[in-house]
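The values are calculated or read from the model by the stated rules, or taken from the named source; none is laboratory data. Only a predicted model underlies this, so the values are computations on that prediction, with no experimental measurement involved. Cβ placement follows ideal geometry from the backbone for every residue including glycine, while neighbour counts extend to all protein chains displayed. In case anyone asks, the SASA skips ligands and DNA or RNA and just uses the protein heavy atoms, side chains included. Shrake-Rupley method; radii C 1.70, N 1.55, O 1.52, S 1.80 Å.
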Amino acid sequence: MVIPINNSFTLATTSGGYYGLGAYRPESIPSQQDQRGDANRSTLGRTGSIRLPWGNAQDVAPASILSRVPPKSLRRIEREGDPLAGVGYQGRMDHECIRHARMAFRVIAVDFVGILSKFAFFTLGPLSIVVSLLFYFTFGNDPYLIDSKKDLFIFVAICTILPLAVWQLTKIMFNLFPKWLLKTGRGPEWELNRRTGLVTVWTYPKKAPFRKQGNPTITQAPFYEFDAWVNARADRHGVLNSLVMYHRYQKLMVPVGDLLGNQSLPQPCYA
């Protein structure tokens, strides 16, 4: 079920060539009513946030988008094909549309284990070797510590061989069993469509155990009715900034930070 918040754009998007009359154009934003209140957040929730201004946008992009898909990955996709082409993945990012969709939990879990084991191999591995060598050359001749040589070997093996094995196993799973591992999630979460000028949000009902996921509620609104906010929050790692779009008149939000991730500096969110 599609719920348009503003019905004035429905016919405008079906005419006017490839880019309809409802497509976003900064020089032709229609007059809008004043914002009477914030339907998405309380006054306390707005305290650590900054609303980005409209107009005078610069032609820049956050570096995190380029670093997540480096040229090496693009060349591999050109050579081997897109691994998500045959799994029903509904995400999209091109000149016309940005649609965010999550993969299944198994993909996220295996990928997280691979990243964690790789980090452990390159950090704990060298550290364990250095500590073991220092211990061996310092106490190696002590008759009371002869049996500790075996323990040193086990310690180095746990800190190096085990993370390496887990890391390579996750790579093998992605390379040899992509059809089993790569599975799309419940569906798209949100979409920014340049061609129609619409923002679409899919809201899924809570899934009950051992029951099929229900159909989502699809809500649409024009892009110019949203304001971009940079939300800042603090945790043990410091200050984290995220980019979120809030509808000006209705309870509706688009967490654009799903693509960027949490940023230690606000400048990537500004970009």
*Any idea what the alpha-carbon Rg over 2.2 N^0.38 Å comes to for the chain?*
1.36
*Mean Kyte-Doolittle of at least -1.0 and a Cα length of 20 Å or more along the axis: which whole DSSP H helices of the chain meet both?*
105-139, 148-176
*What ³J(HN,Hα) values, in whole Hz, does the Karplus curve 6.51 cos²θ - 1.76 cosθ + 1.60 give for segment 243-253 when θ = phi - 60°, with x put for Gly and Pro?*
9, 9, 9, 10, 5, 6, 10, 10, 6, 6, 9
*If Lys and Arg each add +1 and Asp and Glu each add -1, what is the summed charge of the other residues whose beta carbon sits under 12 Å from the beta carbon of I108?*
+2
*Comparing N193, N56, N231, which has the greatest mean-square fluctuation in the GNM of the chain with Cα pairs linked when under 10 Å apart?*
N56
*Can you send over the carbon and sulfur percentage of the accessible area for the chain, probe radius 1.4 Å, protein chains only?*
62 percent
*Ordered by residue, what ³J(HN,Hα) values in Hz, to whole numbers, does segment 181-188 give under the Karplus form 6.51 cos²θ - 1.76 cosθ + 1.60, where θ = phi - 60° and Gly and Pro are x?*
7, 6, 9, 6, x, 6, x, x
*Using only helices, what value at 222 nm comes out for the chain when you add -39,500 (n - 2.57) per DSSP H run of length 4 or more and divide by the total residues, to the nearest 500 deg cm²/dmol?*
-11000 deg cm²/dmol
*Distance from a point 7 Å along Cα→Cβ of D111 to each backbone N in segment 55-73: keep the residues under 20 Å and list them by number.*
62-73
*Quick one: if the Förster radius is 30 Å, what FRET efficiency do A165 and E80 give, using the C-beta to C-beta distance and rounding to 0.05?*
0.75
*asked:* Could you give the length gained by full extension between T43 and I218, i.e. 0.36 nm per residue of separation minus their alpha carbon distance, to one decimal place?
replied: 60.2 nm
*Rounded to whole Hz, the Karplus (6.51, -1.76, 1.60) HN-Hα couplings of segment 37-48, x for glycine and proline*: x, 10, 7, 9, 9, 7, 4, 5, x, 8, 4, x
_Between L66 and F122, what's the calculated FRET efficiency when r is the beta-carbon distance and R0 is 25 Å? Round to 0.05._
0.60
*Pick out which of I218, I172, I154 has the largest mean-square fluctuation in a Gaussian network model of the chain, springs linking Cα atoms closer than 10 Å.*
I154
*Pairs K72/K179; K183/K207; K171/K207; K212/K251: which exceed 20 Å Cα-Cα?*
K72/K179; K171/K207; K212/K251
